Every structure is written in C-alpha cells, then in structure tokens.
Amino acid sequence: MTDVTWEDPFCGEGNSCYRIGVDGDGNSYIALSGQEDTYLTDTREALQQLIRDIKAGKADHLLAD
C-alpha cells in the first residue's frame, strides 16, 4: 500500500466517518474510517477543488430529503 498520511476521521451522524489522506507524490485519498486499505484516490488539486465546491454549495442537492 502507498504510504498515506491520514487526517483524523470526519464523522457525521451515526457511523459515517471518513478519512482524508495525502502521500508524498501529491495524491489525495478518501476512505471510510477503519477501511483505509480501500480508498478513492485522485490528485491533491482534485481534492482541493472538491472541498471548494462542497463549501460553495455545489453538493447541497445531495442533502435534500
């Protein structure tokens, strides 16, 4: 497995905890807490843009009931 530096888990309601990590090659990772060996990966820039878009409300439609 790639040498990933994981952040502390971000937890919502219930057991929905996610971890974000980076490696030395500029890649970013997102995984469920406790399942870090199964992850989604992309560039660090892509993760930064994802976070900017979420903060800008571009994913708010996913929160609708």
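Numbers at a glance
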{"read-out": "Given charges at beta-carbon only (K, R positive; D, E negative), |dipole| of the stretch 14-65 in Debye", "value": "200 debye"}
{"read-out": "³J(HN,Hα) computed for each position of the stretch 30-45 - Karplus, 6.51 cos²θ - 1.76 cosθ + 1.60, integer Hz, glycine/proline x", "value": "10, 8, 6, 4, x, 10, 5, 7, 10, 9, 9, 10, 7, 6, 4, 5"}
{"read-out": "Dimensionless Rg over Rh [the chain; C-alpha; Kirkwood]", "value": "1.00"}
{"read-out": "Rounded FRET efficiency, nearest 0.05, which uses the C-beta distance separating Thr43 from Phe10 and R0 of 22 Å", "value": "0.65"}
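Values quoted throughout were computed directly from the atomic coordinates according to the rules given, and no laboratory measurement underlies them. Just so you know, these numbers come straight off a predicted model, no measurement behind them. In this analysis, Cβ positions are derived from the backbone assuming ideal geometry, glycine residues included, and neighbour counts consider all displayed protein chains.
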